[in-house]
Each structure stands twice: as structure tokens, then as C-alpha cells.
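What follows is a short report on a single structure.
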Amino acid sequence: MIKSIIQRVLLIVPLSLGVTLICFILMNLNPSSPAEVTLRVNNIIIITPEAIKETEKELGLDKPLHIQYLLWLKNIFKGNLGLSYETKEPVLKEILKALPTTLTLTIIALILIAFFGLTIGIICAIYENTIFDKLIRIAIFISSATPSFWLALLLIWLFSIHLNILPSNGMEKMNGLILPAITLTIVYICTFIRIIRNSLIQVRSSLFITYAKARGLYKYQILKHQIKSIINPFIIALSMSIPRLLAGTVIIENIFALPGLGRLCIHAIFSRDYPMIQAYVLFTAILFIIFNLFADIWIQIRDPRLRANK
């Protein structure tokens, strides 16, 4: 098992290099000249070919592409993600400044998703095909088809404009995170309720449950065995949701005017701040790789059948 875990950890290196290469190529496929964009962002009205050439030299864009990539990669290993075209501040500094807001929002949403997803999923499985189960399934269907931006606007209209009990934007007070966290939770919680409910119902017909019933165990003891058997897929789904939640804050943070990574990314896209966009894409991709690795290792540790096959 240790050998398998080491192999998977080492696999991160080529995967990460592949991600950096794709990220670099995608940014360079853009038809706009980064030097020209930099001059426009800095309010240079008259852009001459000489000014573009000078800016390209300043940004290192006059070098061949493979040299640019290697220099960018070298700087990444040093913790240098470049300078923002717009603010001239280090990109890493800007990201670290915005990260706490996004992390706070993501952690709150994750706790709500884990708690309500598990609780409601178990209740739905226990009371399968009852009115409660059917109502939850209808709610899941409706919320799955509801765009997050529309849901956010609906919550703002209800709680901020009509009832006037929660702020619609900003983080001046901690309650400014309530509506964004609810929006983010509702968008993702349906998946977890469905996973828990369907897994529990499926497990009921397993041989070990039949054996547990034959032993005369109480209902809650059988349910405990059922829940234990679905913890693995639940943990995997939860861990894989973390990078998705972080990436999913792009729309939510912009609607609620939260100074997080999502808002930083959208602002960078509109101002064509390529180093910032590049760093955001790279950051999100690395998160997916890390949490995927975590899920793999978790399964290796928790599932004895996989350990036996190694």
C-alpha cells in the first residue's frame, strides 16, 4: 500500500508539469498582444510599435516561447507568479490577499453541505417513497435545474430587499457571508443528498445486511452498518467538491461583491490581466490534482480489498 501511495504522490509531478504547459499554451493562444494589453491597462493613449517592443522586452515576451515557459516554470518554483499587468503588484500577493475570503466561504458551505447532505440523505433513505422523500426529490430536481446566479438574485430579493434582514453585498459584517454560503450550498447539496439516499437504498439488498437482519440486530444497528459502508463514496465526493466549490465562487463572489479569488479572476479577465488569469487557472488545477490524490489515498487506506490486490 505504501508503494502504491508513493507512486501516486510521485505522479503529481508530471501531472502538474502537464497542467503548467497547458495553462501556458492556452494563454499564448490568445490573439491579443500582452504588451499592447499592458499599455492599454496602464492608460497609455498612444501606443506605438516602439512602445510595444519595449514593453515586450520588459515582460520577457521577446524571447522564444519555450524559453518563456521555462522561465515562468522556474519562477513558479521560486514562488514568483509574475506581476499583475494592472496593479504591478506580485500576483501571489494578490491571490493570498483574496484567498481568506474564498476559503471562509468554501469552508462554511462545505460544513453545511456535509451536515445537511448526510442528514437529509439518510432520512430520505429511511423514509423511502414517503411524502417527505418525494418532496425532497422534487426540491432536488428544481434546485438542480436552477442557475446559481438566479438563485443568488432570488435570495437577495427575499432576504435583503423584501425582509431586509441580511446584507446583499460586502463583508463589513460576518452575516455578509450567509447568503453567499446558502447559495453555494444549495447548488451542491443536491448531489450529496442523492448520493447518500441512493447508496443507502442500494446497500439494503447486500448480503451483509441480510446477515445482520438474520442475526436479529436492531434497525438502528443495521442502519449504522449501512452508513459505515457509504462513508467512502461520501468522503470522496466531498473531497472532490472542495476545488469545485473554490472554482464555483467565481459567480457567487461577483454577485455578492465579496473580495475573493472568484472576483479577482473575473476582474482579471475583463482587464486581460494574463499573469493573474494564468495563476488562477494553475491554482485551481493543482487543487483538483491534490484533492484527487487525497481521495485515492483515502480509498487505499479504507478499503482492504484494494490493499489485498496490491
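The values are calculated or read from the model by the stated rules, or taken from the named source; none is laboratory data. The model shown is predicted, which means the values in this text are computed figures rather than measured ones. Every residue, glycine as well, gets a Cβ built from its backbone with ideal geometry; the counts of neighbours run over all protein chains shown. To get the accessible areas, we keep the full protein, side chains included, count just its heavy atoms, and leave off ligands, DNA and RNA. Shrake-Rupley method; radii C 1.70, N 1.55, O 1.52, S 1.80 Å.
What the table shows:
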item	result
Count of region 189-216 residues which are open to solvent by less than 40 Å² (accessible area, probe 1.4 Å) and not in a helix (DSSP H, G or I)	1
Output for region 97-131, where each listed residue is surrounded by fewer than 13 Cβ atoms within 10 Å (Cβ to Cβ), of a type in the set (S, T, N, Q) and closer than 26 Å to L261 by Cα	none
Residue within region 121-137 that is within 16 Å of the chain's Cα centre (by Cα) and assigned to a helix (DSSP H, G or I) present	no
Within region 267-296, tally of residues that are β-branched (V, I, T) and open to solvent by less than 40 Å² (accessible area, probe 1.4 Å)	3
Every residue from region 248-261 that is surrounded by fewer than 24 Cβ atoms within 10 Å (Cβ to Cβ) and under 15 Å from the mean Cα position of the chain (by Cα)	G248, V250, I251
Helices (runs of 4 or more DSSP H) wholly inside region 1-108 that include at least 2 residues being farther than 30 Å from L293 by Cα	34-41, 49-59, 65-77
In region 217-236, the residues that are modelled with pLDDT of 80 or more and either assigned to a loop (DSSP other than H, G, I, E, B) or not β-branched (V, I, T) (or both)	L217, Y218, K219, Y220, Q221, L223, K224, H225, Q226, K228, S229, F234
Cross-chain or 6+ apart pairs with Cβ under 7 Å, region 245-258 first and free of Cβ contacts under 8 Å to residues at least 40 places away in the same chain, then open to solvent by 30 Å² or more (accessible area, probe 1.4 Å) and not in a loop (DSSP other than H, G, I, E, B)	V250/I266; N254/R263; N254/I266
Scope region 132-172; condition open to solvent by 40 Å² or more (accessible area, probe 1.4 Å) and at positive phi; matching residues	N164
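Residues are listed down the side, and each one gets a yes or a no for (1) polar (S, T, N, Q); (2) touching a Ser or Thr at 6+ places or on another chain (Cβ under 8 Å); (3) on the phi > 0 side of the Ramachandran plot:
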{"residue": "M174", "(1), (2), (3)": "no, no, no"}
{"residue": "L177", "(1), (2), (3)": "no, yes, no"}
{"residue": "A181", "(1), (2), (3)": "no, no, no"}
{"residue": "V187", "(1), (2), (3)": "no, yes, no"}
{"residue": "R194", "(1), (2), (3)": "no, no, no"}
{"residue": "R197", "(1), (2), (3)": "no, no, no"}
{"residue": "Q202", "(1), (2), (3)": "yes, no, no"}
{"residue": "S205", "(1), (2), (3)": "yes, no, no"}
{"residue": "I209", "(1), (2), (3)": "no, no, no"}
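Each row is one residue, and each column tells you yes or no for (1) touching a helix residue (DSSP H, G or I) at 6+ places or on another chain (Cβ under 8 Å); (2) farther than 22 Å from I297 by Cα.
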{"residue": "T210", "(1), (2)": "no, yes"}
{"residue": "K219", "(1), (2)": "no, yes"}
{"residue": "I222", "(1), (2)": "yes, yes"}
{"residue": "N232", "(1), (2)": "yes, no"}
{"residue": "V281", "(1), (2)": "yes, yes"}
